[in-house]
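This report refers to the structure that appears directly beneath it.
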Amino acid sequence: MKKAVILVSGGLDSATTLAIAKSQGYVCYALSFDYGQRHRIELQAARQVAKHLGVVEHKFIHINLDSIGGSALTDTQINVPTQGLSDQIPITYVPARNTVFLALALGWAEVLSAYHIFIGVNAVDYSGYPDCRPKFVEAFEQLANLATKAGVEGHSFKIHTPLIHLTKAQIIQEGLRLGVDYNLTISCYQPNPNGYACGMCDACRLRADGFSRLDVPDPTQYHSI
């Protein structure tokens with residue numbers, strides 16, 4: 001059977017991506033990162049999502065992206081924007097995050113002889129991150145096949161991005177069709193210790209808009225900052 005490594009953050013997009021991979025017949029290995037994010041509580045959601053969707057193994061890797069900072073998600077001295085989406089790359093962009101995540105996923109995939117990696121990046125309803133674009137994914141896939149023993153020996157790695165051209169509403173619709181329990185997920189960049197979302201950050205706004213467009217209740221619990 002085909003093996004795949006799935007990046008699972010605990011958010012809406014990665015949960016849907018995992019469900020898609022499973023529906024396509026892949027034997028799924030989930031990979032999550034504790035990278036110094038201020039919303040580390042998302043790792044609890046990742047664990048619940050992976051268990052609910054029945055992965056073979058769920059690996060957590062700790063990396064200190066907070067040691068280099070440069071993002072509101074890894075530096076508590078920088079405020080998370082709450083004024084709404086803009087045309088600029090927001091301060092919640094984490095330098096090199098998806099590059100690092102995919103590199104580590106590639107390493108585990110090679111060890112597992114799993115030549116498929118799934119990541120829930122999106123280039124439609126998103127915050128404008130450069131490492132969520134199709135060009136980045138294509139470039140990394142080329143790198144994966146050049147930089148690995150498996151690639152040199154004739155195996156071909158494929159980076160799957162099933163959500164990349166979908167709106168948030170379409171992502172939610174697909175997840176509901178596949179039985180994703182969105183009550184287990186958290187999208188907020190600055191939830192409180194109980195996991196309640198702020199309702200004001202970009203991630204909260206995009207999520208709420210997606211559910212609203214489908215006229216489906218969002219199970220997210222919100223707090224007042």
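All of the numbers you see were taken from the coordinates with simple rules; none came from a lab. Just so we're clear, the structure is a prediction, and the values are computed from it rather than from any experiment. Ideal geometry is used to build each Cβ from the backbone, glycine not excepted, and the neighbour counts take in all protein chains shown.
Tabulated values for the structure
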quantity: Crossing angle, helix 97-112 versus the chain [Cα axis fit, 0-90 degrees, rounded to tens]; calculated: 40 degrees
quantity: Inter-centroid distance (Cα atoms) of segment 105-151 relative to segment 19-91, Å; calculated: 16 Å
quantity: Neighbour cut-off at most 12 other Cβ (10 Å), DSSP loop, trypsin sites (Lys or Arg not before Pro), segment 52-149; calculated: none
quantity: Radius 12 Å from Cβ of residue 112, net charge of other residues (Lys, Arg +1; Asp, Glu -1); calculated: +1
quantity: Amide H partners (placed H, <5 Å) of residue 125, local residues excluded; calculated: 168
quantity: Rounded tilt (10° steps) of 12-23 against the dominant C-alpha axis of the chain; calculated: 40 degrees
quantity: Which of 92, 61, 115, positive extreme of dipole for the chain (C-beta unit charges); calculated: 115
quantity: Charge dipole (debye, nearest 20) of the chain; +1 at Cβ of Lys and Arg, -1 at Cβ of Asp and Glu; calculated: 380 debye
quantity: Whichever aspartates and glutamates have a C-alpha closer than 16 Å to that of residue 3, once near sequence neighbours (fewer than 8 apart) are set aside; calculated: 57, 110
quantity: C-alpha long axis of helix 134-146 to longest principal axis of the chain, angle in °; calculated: 30 degrees
quantity: Charge dipole (debye, nearest 20) of segment 1-81; +1 at Cβ of Lys and Arg, -1 at Cβ of Asp and Glu; calculated: 360 debye
quantity: Sequence-distant residues sharing a close amide H with residue 3 (under 5 Å, placed H); calculated: 27, 115
